[in-house]
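Here's the structure we're looking at; comments come further down.
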Amino acid sequence: MAAVERARAAARARLEAVKALPAAFLRQVFPQPAQPLPPGWRWVRLREVCEINPSRPPNFTRADDAPTSFVPMDAVDAVAGAIAKRLLRPFREVRKGYTYFAEGDVLFAKITPCMQNGKHAIARGLTDGIGFGTTEFHVLRPSKQVLGEWIHFFVRQPHFLLKATEHFTGAVGQQRLPPEFLRETLIPLPPLSEQRRIAAILKEQTAAVERARAAAEAALEAIEALPAALLRRAFSGEL
């Protein structure tokens, strides 16, 4: 059993190391405000390149029974930073009391601890290009100056999330990030061609991390099952 415990500890350490990789990749990409920018880059406020919490179109209509993409908080994978569950609801069930967004918008969890945990994703594959989700999302709609992927990777930085926690408002346990923080946040903005190049690299790295995470989780699951298997064999007289 001691060998099993050592194997379990090693597997858990491998899994935690894999989970830490995305943050390391992002640190290599995004300069901090005190650092110089590469040639062609510039600092902008997020509000200059994104619409924060856009309203649904004034003439928006949809049949009550139309299947509509729905994203609750638990549908977002915090480690991958992606919508992991594809849910549909009749429009009548989501038309009121939920946050509206469109294809390509960035969903950013504004409540603790979801924000710090990484519950942020790009809205992709939405039915008819629109969706609704929990009111605990801020919605960031990229302008033509910036890729949604660039915004998404930026807001997933641990440094950014740590700074955001300093601006929480509300009672302990129900604290939220006000939209003003996002609007005034400085973001480094390279030319679109450079955004595409870097985003492509980060996507490849993210995909590799997901494969490594799946393998590490499978290894840990197999090790977790060992003690029960050994006990069954012992009680059956096989050991």
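Any residue in region 90-105 that's outside any helix (DSSP H, G or I): show its pairings with residues that are buried (at least 18 other Cβ atoms within 10 Å of the Cβ) and among the aromatic types (Phe, Trp, Tyr) at Cβ separation under 7 Å, as long as the two are six or more apart or on different chains.
Short answer, once both residue conditions are applied: TYR98/PHE132; THR99/PHE132; THR99/PHE137; TYR100/PHE132.
Could you figure out which of (1) assigned to a helix (DSSP H, G or I); (2) closer than 30 Å to THR135 by Cα; (3) at pLDDT 95 or above isn't true of ILE187?
(1)
Name the pairs whose Cβ atoms lie under 8 Å apart, with the first residue in region 172-185 and free of Cβ contacts under 8 Å to residues at least 60 places away in the same chain and among the hydrophobic types (A, V, I, L, M, F, W, C), the second surrounded by 14 or more Cβ atoms within 10 Å (Cβ to Cβ) and assigned to a helix (DSSP H, G or I), and 6 or more positions between them or separate chains?
Short answer, once both residue conditions are applied: PHE181/ALA164.
Among the residues in region 168-180, are any out of contact with any strand residue (DSSP E or B) (no Cβ under 7 Å at 6 or more places or on another chain), under 18 Å from TRP41 (Cα atoms), part of a helix (DSSP H, G or I) and of a type outside the set (Val, Ile, Thr)?
no
Identify the residue in region 135-163 that is in contact with a Pro (Cβ under 8 Å, 6 or more places away or on another chain) and charged (D, E, K, R) and, among all such residues, is nearest to VAL94 (Cα to Cα).
Step by step, filter region 135-163, then rank; the result is ARG141.
Can you tell me which residue among ASN59, ASN53, ASN117 is modelled with pLDDT under 95, outside the structural domain of GLN195 (by TED's automatic domain parsing), closer than 25 Å to PHE168 by Cα and not hydrophobic (A, V, I, L, M, F, W, C)?
Numbers: ASN59 fails: closer than 25 Å to PHE168 by Cα; ASN53 fails: modelled with pLDDT under 95.
Exactly one of ASN59, ASN53, ASN117 is modelled with pLDDT under 95, outside the structural domain of GLN195 (by TED's automatic domain parsing), closer than 25 Å to PHE168 by Cα and not hydrophobic (A, V, I, L, M, F, W, C), namely ASN117.
The values are calculated or read from the model by the stated rules, or taken from the named source; none is laboratory data. Note that the structure is predicted; figures quoted are calculated from it, not measured. Cβ sites come from the backbone with ideal geometry, for glycine too, and all protein chains shown count toward neighbours.
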